[in-house]
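The block underneath contains the structure these notes are about, expressed in structure tokens.
The numbers here are math on the coordinates, done by the rules we state, and not lab data. If you're wondering where the values come from, they're calculated on a predicted model, not measured in any experiment. Note: ideal-geometry Cβ built from the backbone for every residue, glycine included; neighbour counts use all protein chains shown.
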Amino acid sequence: MSTTIHLYNGNILRDPVNGTFTTDLTISNGIVVDTKAHGQEEAIQIDLSGSTAIPGLIDSHMHLIYCSTGLGIDLSGCTSETEFREKLTQGIEADTPWLLASGWTEEKVGSSPTMNWLPKCTKPVLCYRNDFHTAICNDALLSLLDVRELEKLPGGANLSEGIVKEDVLFHHVIPLIPKLTLKDKKSAVDRSISYLHAHGVTSVGTMEHLNEAIEVLAHVQADKQLRCFVMCLDEPDTRFISLLDSTKQDSFFKVIGVKTFLDGTLGSRSAKMYKPWLDDDSRGVWASHASNGQLSNWIAQVLKCDLAPVMHAIGDEAVGLALLELSSIPESVVARIEHGQCIAEKDMYRLKNRWFGVQPLHQVDDCCIAPVALGTQRSREMHNWRRMIDGGANLSFGSDWPIAPPHPLEAMQVSILNGLTPHEALVASTVNAGISLQDNAIGHLLHGAAGDVVVLDCNPLECNWKSTKPTVTMTIQAGKVVYEKEHI
Ligand SMILES: [Zn+2]
């Protein structure tokens, strides 16, 4: 079978940075090459019929295994307590040891859900808010926990009322959920990969526990289905380093960083702010290493492993701390601040050349919350990507799937409608996202690049994003067509 594919008669964006187009592209053994294979019998010929093709899109922040396997019942459509209860009650009979559900927000469901909203049942029930930083749990689940001890930890303050957040949720509740079999996890991830291909995504930065990433995503590497760049949620200890050393790594499976949480989220009012929320007495909470003064040590440990520190920071005080920490590490390390949603004016001078993983689709949810939680003036400092680029920051786009859907063209549209140029949005979804994942061969189609291509129904640098956005008609991963829209 041919390992060469030749795209011709197209409008092919080879270099998003310079905006250079070409009509033909040859991919041989999964890599872009300069030689034209048009007319060579052994090459698969694809006539683009004048369509625009761009480099495969990159989602630089998601939770691939988790969103494939752990979301449970979808509560995102519930607009009242009654609907919330009904949806959960329908799920009680399912043959699962726990009842899991996710997707609610106070704004949509009308008020904050409590334990009393949960159906009476003997199995543990856990219902995540759509940001996955807050969840409601029932008595059966509380009986598995040492509530008195956990109430002292970040996110545990209201545990006895069935509300669990942040560290307590991540480190003490989620690990108790019974695991799926490896076979079930793999087939769930396969379904997600097909979905990603349909949206033009060929590379992802994914936040995973190292053992699970190796166990589940290794088969993705073997089949060359999707390029997975892993940022680990584990502590970078010696066991971690030896596990990394024994793992084959290439651009289909590579561990590039370690992640920690500095704070929570806007929706849960747990993002760490310099000034209090307007509708809550607190200023948010420090999480994980930032809560116990260990952040600098953690960064040193990560750098010792030759990996990049990746810091979740949403509130302006948390972003300020992340920027302060980064000021003492070399710019050659692609350390990332994830989200960076609120940035105080006094910290703007530290942005130059720093890498931010941002999620434009979060703005769609947050713009309803921000005026109530922050007021007009502070809302302007939030999700302000124009200000960040003008301040010298490098942006790489992601979805944070399952928190927002992995639809990069929609994310680009939101960013463009909020002040970025189409060129800046495209660079943030291609070349910049590639650099932030420490792979310079993705995000463009120059000689030697990864042979990942997305064919669109219109040119993203020329279309009118106010009224339309391009749709994906074909996705090519490493020189192989992995998605084709029907009737193109
Ligand atoms: Zn995330």
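LYS304: which aspartates and glutamates have alpha carbons under 19 Å from its alpha carbon, excluding same-chain residues fewer than 8 sequence positions away?
The qualifying aspartates and glutamates are ASP234, GLU235, ASP237, ASP245, GLU325, GLU331.
Sequence gap at least 6, Cα distance under 8 Å: using those rules, report the relative contact order of region 181-436 to the nearest whole percent.
Answer for region 181-436 is 14 percent.
Where does the chain land on Rg(C-alpha)/(2.2 N^0.38 Å)?
0.98
Between GLU93 and SER328, what FRET efficiency comes out of the Förster formula 1/(1 + (r/R0)^6) with R0 = 60 Å and r the beta carbon distance, rounded to 0.05?
Once the sixth-power term is evaluated, E becomes 0.60.
Give me the aspartates and glutamates in straight-line cross-link reach of LYS123: C-alpha distance below 19 Å, same-chain residues under 8 apart excluded.
Cα-Cα hits under 19 Å: ASP74, GLU86, GLU93, ASP95, ASP139, ASP146, GLU161.
Points 7 angstrom from Cα along the Cβ direction at CYS367 and LYS123: gap in nanometres?
4.0
Run the numbers on the chain and let me know its relative contact order in percent, using alpha-carbon pairs under 8 Å that are six or more apart.
Result for the chain is 19 percent.
In vacuum, with every alpha carbon of region 356-417 counted as one equal point scatterer, what does the Debye formula give for log10 I(q)/I(0) at q = 0.14, 0.15, 0.23, 0.27 Å⁻¹? Two decimals, please.
-0.40, -0.46, -1.01, -1.21
Taking 51 Å as R0, compute the FRET efficiency from the Cβ-Cβ separation of TYR274 and THR247 and round it to 0.05.
Efficiency computed from Cβ-Cβ geometry: 0.80.
How big is the equivalent ellipsoid of region 228-307 along its three axes, where each semi-axis is √(5λ) from the Cα gyration tensor, reported in whole Å from largest to smallest?
Taking √(5λ) for each eigenvalue gives 32, 15, 8 Å, largest first.
Below 8 Å, C-alpha to C-alpha, sequence gap of six or more: please give me the relative contact order for region 282-410 in percent.
21
What three numbers, in Å, describe the spread of the alpha carbons of region 175-221 along their principal axes, ordered from the longest?
34, 18, 18
Among all the lysines, which ones have a C-alpha under 22 Å from LYS346's C-alpha, if same-chain residues fewer than 8 places away are not counted?
In chain and number order, the partners are LYS272, LYS275.
Treating only the Cβ atoms of Lys and Arg (+1) and Asp and Glu (-1) as charged, compute the dipole magnitude of the chain about its Cα centre; round to the nearest 20 debye.
Charge dipole, the chain, about its Cα centre: 360 debye, nearest 20.
What value in Å³ per residue do you get for the convex hull of the alpha-carbon atoms in region 39-171?
200
Once you've got the Cα coordinates, tell me which of LYS254/LYS352; LYS185/LYS224; LYS352/LYS469; LYS87/LYS485 are over 24 Å apart.
Those over the limit are LYS254/LYS352; LYS352/LYS469; LYS87/LYS485.
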